[in-house]
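Right, one structure below, let's go through it.
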Amino acid sequence: MQQQIIFSLILFFSLSGYSDPLMEPTSVSKNLYPNDILVGNYSDDIDKPDNFLDFGYGERVANPKQITDAINAWSLQSDRIKVVEYAKSHEGRPLMAVFISSSDNINRLSEIQSNISMLTDARNLNDRKAMEIIDNLPAIAWMAYSIHGNETSGADAALGIIYHLIASNDSEVLDMLSNMVVVIDPMMNPDGRDRFSKSLEQYRGTAPNYDDQSLLHTGDWPYGRTNHYFFDLNRDWIYLTQPETQGRVPLINKWRPQIMVDGHEMGPQDTFMTGPPREPINTNIDKDLIKWGNVFAQDQASAFDDRNWRFYTGEWHEDLYPGYSFYVQFRGTLGILYEQSRMAEDGVRRPEGTIQSYKESVHHQYVSTISNLKTLEKNSKAMYKDYWDGRKYNVSKNGEYSNQTFVILPNKNITRLNTLAEKLEAQDIKIYKNVKPIKVEQVLKQNGVKEENFTIPVNSMIVPNLQPEAPLIAAMLEFDAEIKESVLLEERQVTLKNGSSIMYDTTAFNLTMMYGLPAVTVPENIESGLINWELEASEIDTQKSAVMWVVDGVDDRSVSFAARLMEQDVQVRIIDKESTLSAYQFSRGSVAVIAMDNPNIENLNDLVNIVATDLNVSVYSVDSGFGPDALPDWGGRHFRLLNRPQIALLSHSGFSSYDVGVSWWSLDHHLGIRHSQLDASLVNYGDLRRYNTIILPSGYSNINSNQLSIISDWVEQGGTLIAHNGSSRYLSSNNGIGSVKTVQNTFDDIDDYNIDLQREFLSLDEMISIPEVSNKLSLEISYPWELSKTKYTKDELETRDKWQSLFMPSGAIVAGRIDSDHWLTFGTPETIPLLYSNYPVLMTGGNSEAAVRIGELVFSDSNEYRSINWSDIPPNNDLNIKMSGLVWPEAAQRIANSAYLTRERYGKGQIILFSGEPNFRGSSLGTNRLWLNAVIYGSGLGTSSMVNP
Ligand SMILES: [Zn+2]
């Protein structure tokens, strides 16, 4: 014992005497900003924010636990507060909505909420009653912050605002709370914030760092912006794929706030931006909201002027995409955006030499919030009246929504239909089903073609637009969002001048195309012969006596079914052609589990039952392997044995975190099977033989030539390599592997590509013609390539391509046509909508196949071959490219007939390239299916199978 003490003393002396002490900084950032954020006459019964932090309030970034602890403590200390935990993040952190009002109002929250609900549906309420309700309603404000986890100042402001509102005894605050319910969602993305606040700790040194390029400010890949699966939660408000949004949206929808503030941060050298937005503005947004947006902005601007703070409105803030937090605007709520320049936590040095502190950035969000609350307090009644007018308009027989119904055609893909139904119902949208066929006229199809007479088949999903949530229905389901002529003009000008765009997000987003579900728009209000839509249940029949159990290949969950059984060592087959077995009809790509293949598994039928029940997918017992006529029989080559995929997803710096994250998410949420996410540098020294399927998400500087040669060897040995967008661009470049090329690298032998394409066209049923077969040599054969008139030289093609590439879309939907014999297209309709952006334009030649090409063939009167760039369109056909969003004609020409999805044999393995990002936002379910086919079926169907001797 004594020895130990002596030893410690020596250690103590040596540390203090001879080691290098931590140097004191010459300045500290907390002295940069002398102003107090919290000013008021505060009650001593409520803990100050500082009590939950180990620094002064606003001086540094509060981490998620500190914020949660403070709110939990305050909920016990104050009667002005009620906390609702509306979700848990993927990593298990609580998401909280903090309701603050007078204790009277807090005690009658449910009564207030039900009065708000009564104003929702103007079909059930007259004006007099509505005014009575409005007279007694408090204002409702929804103030939400830091949805991007590394945009931290909003959540710190929220902490102060909650304290101020529950602790202040100033009459200004007390009056406000007796007339208003303020809901504060302090941190909308706790997992991202935790990641970023951790990196702040890791990179914090002795002296403050004001250099916005340093790691302290930027953090590490995948950065703090996104949630656990690297999703941008501020694009998820209509797609509802993440638990944070799935919990939040129903609560906001229930409360129908009058304003919704969304507090963000932007580039560190910027100032502060708020609403209202500039064009393009989605035309389904009520104009009254734009008017109110200006009222709020004016008050906020004078609050900033008073303090000498710089700011602006509009500029880059547009509002076309409805999946931002401002989806609320389609429901009558005014959305207000804050964009504060990012200060990390020490502050940022600016070009004029000054340093803006973190505390000041928190103060900006705080002052903006208080200003907006005051403006709402003044104008709440008038805003409610405008809101009520809007509610009446939405269901008016004379309004713009009164003659439009969206119809999703019947589909065996129950999983996808159910997903769509859930997303619509979460937004209070009513959906129906027709019990009899309905004859309608002038329907608009997804490809833009109008059909004069159309019969809606029984059991279609019917969504009349004439409903209380009419504007949101239109925004989510209209095939094309209207873009004003003046916006197109400006967009074209900036594109031509400097290759930029005024579109901040995708210009196409409608749910039926994103989901790959065929639908039509009917120009009338369909209301009779309808019953309420109910989620489709599965049929599960797994008799022990059956020779096999089959899941139809149209349902997306058939892939999960196969994957989850293979993971449990069950041998699974795919029937690669349509089949009839025991009187059941199965689509191509149906999954069969055959008892004979699995002699060692006891109670196989029970296992099949459990997996199918978990997935809610229908499964049928089949008693005989005989397929009548020419249909597949179970011993023939159409029952193809699958191979269990062993999946690696390459990841980390150099890859797009969004594309990595969404691929990871799809593996976990659509399949739930084991896989490894690998740091790409591991390719140099790791053992790739553990995997038979490697996914290369989109990236730009992700793998070098040495790594590529290792991967190339691995493919030749039997691996399946799947690449997306940027990685496909690299693999198809002159430094890549395989025979697929980007279009600009093919002009030397472009005729060969056209001839391959013509072979593909001519092999289609509707185009094939049989020449006369006789004994005499025919001297009059016409060859397809001789018939087209326009031929461009290599130079011309290059010049055209350069010009056309200026106009590539930034997120539009184009039509894909599938090779309906290819296993990659199982479960996919003839025409598949493809989300398309500035992707590599892929060309297949030699060995490679195009499973999906761009352009849908539609009938045309023209009976000649016509050329676009390198390819010819056969007689009697037109090619439709655009389905939704902004696709300039030059871009349409450039991408016409190019490949979206390619596959080629490479040694014993294969390379599969997606031109785009097939899993975009977890919501492009049509292309996600192609990807699931590649990941789960690739190893079995596309590589040489190995027999263990
Ligand atoms: Zn943001």
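The values are calculated or read from the model by the stated rules, or taken from the named source; none is laboratory data. All figures in this text were calculated on a predicted structure; none of them were measured in a lab. Cβ atoms come from the backbone with ideal geometry, glycine included; neighbour counts cover every protein chain shown. Accessible surface areas use protein heavy atoms only, side chains included; no ligands, DNA or RNA. Shrake-Rupley method; radii C 1.70, N 1.55, O 1.52, S 1.80 Å.
Give the distance, in whole Å, between the Cα centre of the stretch 895-917 and the Cα centre of the stretch 688-711. When both Cα centres are located, 16 Å separates them.
Helix 64-77 and the longest principal axis of the Cα set of the chain meet at an angle near 50°.
How far, in nm, would the chain grow between Leu22 and Asp45 when pulled straight, counting 0.36 nm per residue and subtracting the alpha carbon separation?
Values: separation 23, 0.36 × 23 = 8.28 nm, distance 3.90 nm.
Fully extending the segment from Leu22 to Asp45 adds 4.4 nm.
Computed from the Cβ-Cβ distance with R0 of 30 Å, the FRET efficiency linking Glu201 to Ser75 stands at 0.65.
Could you pull out the pairs from Lys397/Lys439; Lys82/Lys381; Lys291/Lys450 whose alpha carbons sit more than 30 Å apart here? Provide the component values of the computation, followed by the final result.
Working: Lys397/Lys439 21 Å; Lys82/Lys381 24 Å; Lys291/Lys450 37 Å.
Distance filter (> 30 Å) returns Lys291/Lys450.
Length, then width, then depth: along the principal axes, the Cα atoms of the stretch 804-948 run 56, 35, 27 Å.
Partner lysines whose Cα lies under 29 Å from the Cα of Lys544, excluding those fewer than 8 positions away in the same chain, are identified as Lys412, Lys577.
With a/c under 1.5 counting as rounded, go ahead and sort the stretch 613-757 into rounded, prolate or oblate using the C-alpha gyration tensor (a ≥ b ≥ c being the square roots of the eigenvalues; past the cut-off, prolate if a/b is larger than b/c, else oblate). Don't jump to the answer; show the numbers that get you there.
On the way: a/c = 2.16, a/b = 1.34, b/c = 1.61.
It comes out oblate by the Cα gyration axes.
Please list 839-848, 525-534, 182-191 highest first by mean number of surrounding beta-carbon atoms within 10 Å per residue.
Numbers: 839-848: 22.3, 525-534: 13.9, 182-191: 27.3.
Ranked by mean Cβ neighbours within 10 Å, highest first: 182-191, 839-848, 525-534.
For the pair Glu111 and Asp211, label points projected 7 Å from Cα toward Cβ lie 6.2 nm apart. Solvent exposure of the chain amounts to 42 Å² per residue of accessible area, where only protein heavy atoms count and the probe is 1.4 Å. Rounded to the nearest 10 degrees, the inclination of helix 127-136 to the longest alpha-carbon principal axis of the chain is 50 degrees. Over every Cα atom in the stretch 200-323, the radius of gyration and the widest Cα-Cα span, Dmax, amount to 17.9, 53 Å.
Tell me the angle of helix 109-118 to the major Cα principal axis of the chain, expressed in degrees between 0 and 90 and rounded to the nearest ten. Tilt relative to the chain: about 50 degrees.
How large, in percent, is the carbon and sulfur part of the accessible surface of the stretch 280-383 at a probe radius of 1.4 Å? Heavy-atom surface of the stretch 280-383 belonging to carbon and sulfur, 1.4 Å probe: 48 percent.
Go ahead and collect, in residue order, the members of the stretch 638-665 whose backbone nitrogen is under 17 Å from a label point 7 Å along the Cα-Cβ direction of Lys88. Under 17 Å, as judged by backbone N against the label point of Lys88, lies no residue of the stretch 638-665.
At q = 0.13, 0.15, 0.20 Å⁻¹, what base-10 log of I(q)/I(0) does the Debye formula yield for the stretch 818-904 when every alpha carbon is treated as an equal point scatterer in vacuo? For the stretch 818-904, the Cα-only Debye profile gives -0.44, -0.59, -1.06.
In terms of overall dimensions, the stretch 131-271 has a Cα radius of gyration and Dmax of 17.9, 61 angstrom. Partner aspartates and glutamates whose Cα lies under 15 Å from the Cα of Lys436, excluding those fewer than 8 positions away in the same chain, are identified as Glu527.
For an R0 of 45 angstrom, estimate the FRET efficiency from the Cβ-Cβ distance between Lys412 and Asn838 and round to the nearest 0.05. Mind dumping the intermediate values first?
Numbers: r = 35 Å, r/R0 = 0.78.
That gives a FRET efficiency of 0.80.
Of all DSSP bridge pairs formed entirely within the chain, close to 70 percent run antiparallel.
Just reorder Arg921, Arg307, Arg689 by solvent-accessible area, largest first, 1.4 Å probe, all chains present.
From most accessible down to least: Arg689, Arg307, Arg921.
A straight Cα-to-Cα reach below 27 Å connects Lys791 with the lysines Lys741, Lys802, Lys882, residues fewer than 8 places away in its own chain not being considered. Label-to-label distance, Ser681 versus Leu489, with points set 7 angstrom from Cα along the beta-carbon direction: 5.4 nm.
Let me know the Kirkwood hydrodynamic radius for the stretch 759-807, please, with Cα pairs as the basis and the value in Å to one decimal.
About 14.6 Å, per the Kirkwood formula over Cα pairs.
With N as its number of residues, the chain has a Cα radius of gyration that, divided by 2.2 N^0.38 Å, comes to 1.03.
Order these peptides, 38-47, 248-257, 911-920, by their mean beta-carbon neighbour count within 10 angstrom, highest first.
Details: 38-47: 13.1, 248-257: 19.7, 911-920: 27.3.
The peptides rank, most packed first, as 911-920, 248-257, 38-47.
Sorted largest first, the spans of the alpha carbon positions of the stretch 347-442 along the three principal axes are 71, 38, 24 Å. Simple rule: put +1 on each Lys or Arg Cβ and -1 on each Asp or Glu Cβ in the stretch 345-484, find the dipole, and look at Ile438, Val362, Ile483; the Cα lying farthest toward the positive end is Ile438.
Counting each DSSP H run of 4 or more residues in the chain as -39500 (n - 2.57), what helix-only mean residue ellipticity at 222 nm follows after dividing by all residues, to the nearest 500 deg cm²/dmol?
Numbers: 26 runs with 310 residues, N = 949.
Roughly -10000 deg cm²/dmol at 222 nm, from the helical runs in the chain.
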